[in-house]
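Following: one structure in structure tokens, then a few remarks.
The values are calculated or read from the model by the stated rules, or taken from the named source; none is laboratory data. The shown structure was predicted, so the numbers you read here are calculated from the model rather than taken from an experiment. The accessibility values were calculated without ligands, DNA or RNA, using every heavy atom of the protein model including side chains. Shrake-Rupley method; radii C 1.70, N 1.55, O 1.52, S 1.80 Å.
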Amino acid sequence: MSITVVFGSDSGCTKAIATRIGKKLNATVLNITKAKTADFEDCSLLVLGCPTYGVGDLQADWEERLGVLEEADLSNTKVAIFGTGDQVTYPDSFIDAVGILYDTVVAKGATVIGFTDTKGYDFSGSQALRDGKFVGLALDEDNQSSKTEGRITEWIKQLV
């Protein structure tokens with residue numbers, strides 16, 4: 001199984017998480033700034049990672065390069081999404097970027113896997129919610145970094 005992890009990161013937090021996930025999955029890890037359309041298509045599992053910036057925005061590199069993802073044919077692709085956010089400072093838009101990426105890949109025909117429970121989080125709103133679950137892995141390195149490793153481990157069990 002070929003796995004590609006594509007991430008965007010400014011401060012390095014999401015890059016570090018993408019690297020950890022990539023090692024656990026024996027995956028190719030690629031910054032969105034380097035990604036080509038074929039990188040999204042030529043894998044059996046595509047993992048996307050993005051922090052939420054401001055009040056519900058994609059990270060700047062994802063914002064600039066979203067078109068590369070939108071050009072991809074994802075009709076036979078399984079996609080898993082993870083995001084970093086701050087549920088205390090931005091409780092109304094916690095991991096919104098995950099929801100934005102979800103909507104994008106679903107529109108391109110992808111099958112999204114790796115939905116996670118909202119139990120253990122304290123937020124009031126998120127574009128990443130569907131039927132009471134996050135559409136991917138939600139990580140809060142600012143307030144719950146001690147839970148990150150366990151959350152990653154449990155999420156990866158769902159993916160493989």
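In region 72-160, the DSSP beta bridges split such that about 45 percent are antiparallel, to the nearest 5. DSSP finds beta bridges in region 14-95, and of those with both partners inside it, around 20 percent are antiparallel. Note: region 111-152, Cα convex hull, 81 Å³ per residue. Only Cα pairs within less than 10 Å get springs; with that Gaussian network setup on the chain, which residue of 36, 119, 23 has the largest fluctuation? It is 119. DSSP bridge analysis restricted to the chain gives an antiparallel fraction near 20%, rounded to the nearest 5.
Here is the P(r) of region 72-160: all C-alpha pair distances, binned every 10 Å from 0, give 18, 51, 26, 5 in whole percents. In whole percent, and with a 1.4 Å probe on the protein chains, what portion of the accessible area of region 11-72 is carbon and sulfur? Ligands and nucleic acids excluded, carbon and sulfur give 47 percent.
Dividing the radius of gyration of the alpha carbons in region 1-148 by their Kirkwood radius gives 0.93 for Rg/Rh.
Structural descriptor for the chain: relative contact order 21 percent, calculated from alpha carbon pairs under 8 angstrom and at least 6 residues apart.
The residues of the chain expose on average 45 square angstrom of accessible surface per residue, using a 1.4 Å probe on protein heavy atoms.
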